[in-house]
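*Asks:* For reference, the structure I am asking about is given below.
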Amino acid sequence: MPDQPLPDQPTLDESHLTSGTTSPFLSGTKVQFAWDSTSLGYLKTCPRLYQYTILDGWSSRHESVHLRFGGEYASALEHFNHLRAEGGHYEDCVRSCVAKLLSSTSDWIVDEDTKAGKYKNRDSLVGLVVDYLDHFRDDPCQTYILDSGKPAVELSFRFELDWGPTYRRTEFIAELGSEAEISDESIPYLLCGHLDRVVTFNDQLFVMDQKTTSTTLGDRYFDQYEPHNQMTLYTLAGQVILNAPVKGVIIDAAQIMLEKPNRFVRGFTYRTQDQLDEWLLDLRFWLNIAESYADSGYWPMNDTACDKFGGCRFREVCSKSPEVRDQFLRADFIQLEEDDRWNPLRSR
C-alpha cells in the first residue's frame, strides 16, 4: 500500500489556555476541552471517578505494578519496532531492546509475594518481551512508513472537532485597573492520544495496540473490545492523522504464564464508518454533560460502577459519609501537583 500524506496539524488560538498550551481546561474553569481515551473513559464510567482522578489529581500512594509493567512492555516493543523499521537486523534489535528494558527497570522492585507481583515483575517482563518478539519474528504485519520516512510507531495525535465549549473571554482594561468580560467565544474540542503502531496487514491499514493480562485469552477476552471507547477513538484517529481508511485495531494480547511458555493471541476489532459516526454523536452528548458538571461544580457518583474491573480504587472513600470523605482521601491517596496530573495535551 502506498504511503498516505499526513494532513497539517491544527493550530490553536492559545488565548483560552492556562499557562500556554499546558492545560486541557479552559482558563479559570473546570471545563475540559482536550480529551483522550483515558479521561473520557473515566467520565463515562463515573463522573466522581473523573473528578477525583482528572480534576483533583488524587493518586495511589504506591506505584501501580500493572501500569509500570504495561508501560515498560509497550516502550520496549516501540524501541524494537523503530529499529526494525530502520533496517536493523532482528538479533541486534532484540539485544538492544532487552538492554534498554533492563536499564529502564534497574530500580524496579516488586513484592513477588503479592498476586500482582507474582505475575508482573522484572524477570517476567523481560521474558514476556523476548517471547513476544520470538513468537512474531516472521510477522505478516508490517510497520507503516510515513511520507516523512519515519515509521508509524508511537504516534501522538491531536485533532479538532467541529464543535466545542463556549467560554467568557476577558481582557485587562488599563483604565479600570482590572479584567473585564469582553465576549463569549467558542473553541473546538480536541481529541488527543498516542497510537502504539500503525501496520499494514493483507493490504489494509490497522492501528496495533499491545495488551498484557494474566487471564485466559479467548473469545470472552476479545469481546470486551467491541464496543470499546479506546479502540473506536484509535480507529478514528488513525483515519484522521493518516488520511487513509484505517479498518480498526489489531490487539496483540500477551497472557503472562507462571509456567512457560507465555501465550500470545492476535485479535481484530473493526469499525465501520457508521459506528465511528455514532461514537462521535454520542461524544457530543457526553461532552455536553461534562460541561454541565463543570458549570454546576458537581460530579455525581455512579454507584452502579463501583464493583467494575475488580473494584474502583475509590470505593472505600465513596462508601463513607460525605462529611468525612476528604479525611479518607488524604489518608489513602496523595494529591498530585497540577503539572504532574493526567494531561491529554502532553506528548510522549
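*Asks:* Residues G267, G218: which one is modelled with pLDDT of 95 or more and open to solvent by less than 20 Å² (accessible area, probe 1.4 Å)? Step through it out loud before you land on a result.
*Replies:* Values: G218 fails: open to solvent by less than 20 Å² (accessible area, probe 1.4 Å).
Of G267, G218, the one residue that is modelled with pLDDT of 95 or more and open to solvent by less than 20 Å² (accessible area, probe 1.4 Å) is G267.
*Asks:* Working only within the range 241-255, note down all residues that are of a type outside the set (G, A, S) and either more than 26 Å from V130 (Cβ to Cβ) or at pLDDT below 95 (or both).
*Replies:* I241, L242, N243, P245, V246, K247
*Asks:* I'd like the full set of residues that are modelled with pLDDT of 95 or more, in a strand (DSSP E or B) and acidic (D, E), limited to the range 131-161.
*Replies:* Passing the criteria: only E160.
*Asks:* Hey, another quick one. Does E316 count as closer than 22 Å to L190 by Cβ, open to solvent by 70 Å² or more (accessible area, probe 1.4 Å), assigned to a helix (DSSP H, G or I) and among the charged types (D, E, K, R)? First the steps, then the outcome.
*Replies:* Numbers: closer than 22 Å to L190 by Cβ: no; open to solvent by 70 Å² or more (accessible area, probe 1.4 Å): yes; assigned to a helix (DSSP H, G or I): yes; among the charged types (D, E, K, R): yes.
So E316 does not fit the description; no.
*Asks:* Okay, moving on. Test L329 against the criterion of being within 29 Å of D219 (Cα to Cα), aliphatic (A, V, I, L, M) and in a helix (DSSP H, G or I), and give yes or no.
*Replies:* Values: within 29 Å of D219 (Cα to Cα): no; aliphatic (A, V, I, L, M): yes; in a helix (DSSP H, G or I): yes.
In short, no.
*Asks:* Same structure again: Only residues that are open to solvent by 50 Å² or more (accessible area, probe 1.4 Å) and within 21 Å of the chain's Cα centre (by Cα): list them for the range 244-264, please.
*Replies:* Initial filter on the range 244-264 (open to solvent by 50 Å² or more (accessible area, probe 1.4 Å)): 245, 247, 257-261, 263.
Correct list: K247 only.
*Asks:* Within the range 71-130, restricting attention to residues that are among the β-branched types (V, I, T) and open to solvent by 40 Å² or more (accessible area, probe 1.4 Å), which residue is nearest to L146 (Cα to Cα)?
*Replies:* First pass over the range 71-130, keeping only residues among the β-branched types (V, I, T): 94, 98, 105, 109-110, 114, 126, 129-130.
Next, from what is left, pick out any that are open to solvent by 40 Å² or more (accessible area, probe 1.4 Å): 109, 114, 130.
Numbers: I109: 38, T114: 43, V130: 27 Å.
Step by step, filter the range 71-130, then rank; the result is V130.
*Asks:* Between G297, G310, G238, which is under 22 Å from the mean Cα position of the chain (by Cα) and at pLDDT 95 or above? Full working, then the answer.
*Replies:* Numbers: G297 fails: under 22 Å from the mean Cα position of the chain (by Cα); G310 fails: at pLDDT 95 or above.
Of G297, G310, G238, the one residue that is under 22 Å from the mean Cα position of the chain (by Cα) and at pLDDT 95 or above is G238.
*Asks:* Another question about this same structure. Return a yes/no flag: does the range 52-62 have any residue that is of a type in the set (D, E, K, R) and more than 20 Å from P261 (Cα to Cα). Break it down into steps so the answer makes sense when it comes.
*Replies:* Of the residues in the range 52-62, the ones of a type in the set (D, E, K, R) are 56, 61.
Then drop every residue that is not more than 20 Å from P261 (Cα to Cα), which leaves 56, 61.
Taking every residue of the range 52-62 in turn, at least one turns out to be of a type in the set (D, E, K, R) and more than 20 Å from P261 (Cα to Cα).
*Asks:* Which ones in the range 49-64 are part of a helix (DSSP H, G or I) and within 17 Å of the chain's Cα centre (by Cα)?
*Replies:* So the first thing to find is which residues in the range 49-64 are part of a helix (DSSP H, G or I), and the list is 49-55.
Residues satisfying the conditions are L49, Y50, T53, I54, L55.
*Asks:* Give me the pairs: first residue in the range 153-168 and under 17 Å from L26 (Cα atoms), second residue aromatic (F, W, Y), beta-carbon distance under 6 Å, and six or more apart or on different chains, which are they?
*Replies:* Note: pairs meeting the criteria are L161/Y189; G164/Y189; P165/F33.
*Asks:* Quickly run through the range 227-243 and pick out the residues that are open to solvent by 20 Å² or more (accessible area, probe 1.4 Å), of a type in the set (S, T, N, Q) and touching a strand residue (DSSP E or B) at 6+ places or on another chain (Cβ under 6 Å).
*Replies:* Q239, the sole residue that qualifies.
The values are calculated or read from the model by the stated rules, or taken from the named source; none is laboratory data. Note that the structure is predicted; figures quoted are calculated from it, not measured. Cβ atoms come from the backbone with ideal geometry, glycine included; neighbour counts cover every protein chain shown. What goes into the accessible areas is simple: the full protein's heavy atoms, side chains included, and nothing from ligands, DNA or RNA. Shrake-Rupley method; radii C 1.70, N 1.55, O 1.52, S 1.80 Å.
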